[in-house]
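Q: Can you read through this structure? Questions will come right after.
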There are 2 protein chains.
Amino acid sequence: MASSSPSSMSPPMIPMELHSLNREKLFNSLRDHLTSCARPLQGFVLLQGGEEQTRHCTDHLELFRQESYFAYLFGVEEPGFYGSIDIASGKSMLFIPRLPADYAVWMGKIQPPSHFQEKYKVTQVLYTDEIKDVLLDQYHATGAPLLFLLHGLNTDSNKYSKPAEFQGIEKFQTDLNTLHPILTECRVIKSNLELALIQYANDISSEAHVEVMRKTKVGMKEYQLESMFLHHTYMYGGCRHCSYTCICATGDNSAVLHYGHAAAPNDKTLQEGDMSLLDMGAEYHFYGSDITCSFPVNGRFTRDQSLLYTAVLDAHDAVISDMRPGVS
Amino acid sequence: MASSSPSSMSPPMIPMELHSLNREKLFNSLRDHLTSCARPLQGFVLLQGGEEQTRHCTDHLELFRQESYFAYLFGVEEPGFYGSIDIASGKSMLFIPRLPADYAVWMGKIQPPSHFQEKYKVTQVLYTDEIKDVLLDQYHATGAPLLFLLHGLNTDSNKYSKPAEFQGIEKFQTDLNTLHPILTECRVIKSNLELALIQYANDISSEAHVEVMRKTKVGMKEYQLESMFLHHTYMYGGCRHCSYTCICATGDNSAVLHYGHAAAPNDKTLQEGDMSLLDMGAEYHFYGSDITCSFPVNGRFTRDQSLLYTAVLDAHDAVISDMRPGVS
């Protein structure tokens with residue numbers, strides 16, 4: 001099956017309805033919760049998006065990737081935004097940074113709020129220096145408006161998410177407990193639009209794994225397998241980010257779960273007789289894949305490698321069939 | 001000139017003498033300075049290396065890249081180190097983190113201090129929890145030992161470098177003013193070993209630019225040019241990092257100096273008649289390149305493009321010949 005391109009795929013359109021649906025899901029869950037506690041259906045969800053970081057004290061900007069809760073609700077690629085949802089009306093707002101004139105020289109055209117309203121399909125777009133006035137103005141109940149801020153433990157990292165901060169926040173009441181568990185739960189069950197992006201990230205990553213397998217040769221460095229994967233998923237799949245640093249382990253390194261980081265940087269030379277264990281997954285518009293693939297680097301299983309590989313496959317199939325009791 | 005590999009290069013060995021020479025240069029400059037101020041030749045230079053970062057509150061680890069002052073003096077790839085130089089003797093020490101047992105399961109073999117002593121060619125390697133005791137013990141003058149810490153303004157970013165912090169620092173005197181200007185000055189004039197790495201980063205990046213130029217076609221996305229560059233420099237050059245995010249500007253985007261970041265992510269489609277401006281440079285063992293290359297994306301200059309391109313080249317040649325008055 002010869003083909004002129006090494007890929008049969010191309011990056012799909014990103015439907016911004018995906019994020020409207022995510023917001024609607026949160027809106028409904030949060031209102032259900034407040035109703036069940038006999039609390040008023042008033043106030044605003046307010047999230048602060050991620051900010052651009054430099055490398056230590058230098059002016060080297062790290063390539064920005066949005067904070068994931070913010071990405072879930074708003075799909076915003078740019079740094080320095082805030083986003084809110086009005087609990088009373090469902091109205092969604094983005095607040096964009098007011099950029100200095102010389103941004104246009106260095107970073108690109110300064111887009112007006114209407115550009116981002118069109119791009120991200122929110123009800124309204126304003127500037128971050130207007131958050132206080134706009135939210136106070138749009139609050140139609142008595143007393144200081146309540147802000148539902150994101151604060152909670154990530155149990156993988158043991159770190160806490162950072163609640164939004166802005167000038168004038170002292171004019172508001174804040175609730176740090178309600179939002180995090182509800183929003184986290186919303187993210188657990190994926191919509192069909194989300195599933196389609198996850199499927200795409202998996203498809204392009206699978207294709208890249210096959211491409212890497214095809215080109216792997218004894219004598220290569222492990223990082224060359226990483227480079228081939230990254231190139232395939234970016235060049236043909238439009239995936240600029242990965243879900244995690246590529247783990248390209250061969251030989252003994254395959255026993256190290258998160259091999260591949262700076263202190264173990266995929267730098268072994270592939271040897272005759274090595275098995276590889278490649279754990280690599282691309283990300284497309286914030287939705288990721290996570291695929292591990294194991295094969296002999298010279299293309300031929302030894303008898304022992306084949307026995308073990310088959311035993312693991314059999315065990316895996318047994319687990320899967322246990323998980324699906326209805327499938328014979 | 002057909003070739004089976006698209007590259008004529010392979011990653012050179014990294015000479016750790018490069019960093020011993022950098023330390024020696026700092027040692028001599030600092031002693032000269034102290035002598036000229038009639039200050040005692042006692043105390044320690046102490047730097048804290050960079051630490052691994054996660055993406056926001058998640059357990060997604062960003063690929064670590066060492067802080068540049070620390071890299072200059074010690075060449076260390078791993079996060080969480082400290083390094084010191086004894087002003088009295090020139091003795092160099094690295095302090096490594098004492099890793100928990102389960103590091104071996106997740107991240108890789110826990111190497112003993114002797115491994116890093118061999119790898120980085122320093123006088124001695126100890127653990128970070130021993131900094132206070134070791135430095136107090138190795139100080140042979142009276143009073144609290146003086147630590148020269150790195151504190152100073154980066155005039156590109158307007159940010160300050162972070163002076164080392166550790167448990168027990170209150171047992172020491174600290175000097176925040178002396179080290180930064182002297183170390184910064186040391187880094188300005190490069191040694192031959194440094195020049196060789198910079199030359200290599202430039203050679204592999206130049207080759208990658210040529211490869212990208214060869215493969216660029218109307219209808220591609222700008223980010224595909226980025227992907228080809230990244231792949232060439234990593235696959236064939238062993239360069240895991242770039243000096244900066246690739247700027248792959250075509251058409252009007254070429255007027256934006258730092259195009260290519262998350263808010264302007266190299267996502268235009270190349271059009272018939274576009275000029276490209278590709279500003280991309282790989283980094284090899286902390287030494288970087290910075291190369292810009294401009295060409296018509298369809299491979300043929302229009303008359304206007306050619307006139308302008310030639311005018312810029314002529315202006316550039318005039319500047320270069322002014323800078324080298326001895327060259328006829």
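The values are calculated or read from the model by the stated rules, or taken from the named source; none is laboratory data. Computed from a predicted structure; not experimentally measured. Cβ: placed from backbone, ideal geometry, glycine included. Neighbour counts: every protein chain shown. Areas reflect the complete protein model, heavy atoms only, side chains present, ligands, DNA and RNA absent. Shrake-Rupley method; radii C 1.70, N 1.55, O 1.52, S 1.80 Å.
Q: Looking only at segment A:120-154, count how many residues are open to solvent by less than 60 Å² (accessible area, probe 1.4 Å) and in a loop (DSSP other than H, G, I, E, B).
A: Of the residues in segment A:120-154, 7 are open to solvent by less than 60 Å² (accessible area, probe 1.4 Å) and in a loop (DSSP other than H, G, I, E, B).
Yes/no matrix, rows are residues, columns are (1) at pLDDT below 95; (2) at the interface with chain A (Cβ under 7 Å from one of its Cβ atoms); (3) more than 28 Å from A:T269 (Cα to Cα):
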| position | (1), (2), (3) |
| --- | --- |
| B:H209 | no, no, no |
| B:M213 | no, no, yes |
| B:K221 | no, no, yes |
| B:H232 | no, no, no |
| B:H241 | no, no, no |
| B:T250 | no, no, yes |
| B:A255 | yes, no, yes |
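Q: Quick one: how many residues across segment B:117-159 are within 14 Å of another protein chain (Cβ to nearest Cβ) and out of contact with any Phe, Trp or Tyr (no Cβ under 8 Å at 6 or more places or on another chain)?
A: 7
Q: Which one of these does B:S20 not meet: (1) modelled with pLDDT of 95 or more; (2) surrounded by fewer than 16 Cβ atoms within 10 Å (Cβ to Cβ); (3) of a type in the set (S, T, N, Q)?
A: Looking at each condition in turn, B:S20 falls short on (2).
Q: Filter segment B:42-56 down to residues that are open to solvent by less than 10 Å² (accessible area, probe 1.4 Å) and more than 17 Å from the chain's Cα centre (by Cα) and give me whichever is farthest from the other protein chains (Cβ to nearest Cβ).
A: B:G43
Q: With the checklist (1) open to solvent by less than 50 Å² (accessible area, probe 1.4 Å); (2) closer than 30 Å to B:C239 by Cα; (3) touching a residue at least 24 places away in the same chain (Cβ under 8 Å) in hand, flag the one item A:S157 doesn't pass.
A: Here A:S157 meets the rest and fails (3).
Q: Something else now. Output the number of residues of segment B:69-114 satisfying the condition of being free of Cβ contacts under 8 Å to residues at least 60 places away in the same chain, within 11 Å of chain A (Cβ to nearest Cβ) and either among the polar types (S, T, N, Q) or in a helix (DSSP H, G or I) (or both).
A: Going through segment B:69-114 one residue at a time, the tally reaches 6.
Q: Conditions: (1) farther than 21 Å from A:E226 by Cβ; (2) within 18 Å of the chain's Cα centre (by Cα); (3) part of a helix (DSSP H, G or I). B:Y200 meets all but one. Number of the miss?
A: The failed condition is (1).
Q: Identify all residues within segment A:228-266 that are within 25 Å of A:S7 (Cα to Cα) and among the β-branched types (V, I, T); write none if there are none.
A: A:T233, A:T245, A:I247
Q: Consider A:T174 carefully, then state whether it is part of a strand (DSSP E or B), farther than 21 Å from A:P15 by Cβ and at pLDDT 95 or above.
A: Yes.
Q: Then there is this: Quick one: would you say A:A201 is more than 14 Å from chain B (Cβ to nearest Cβ), open to solvent by less than 10 Å² (accessible area, probe 1.4 Å) and among the aliphatic types (A, V, I, L, M)?
A: Considered against the rule, which asks whether it is more than 14 Å from chain B (Cβ to nearest Cβ), open to solvent by less than 10 Å² (accessible area, probe 1.4 Å) and among the aliphatic types (A, V, I, L, M), A:A201 comes out as yes.
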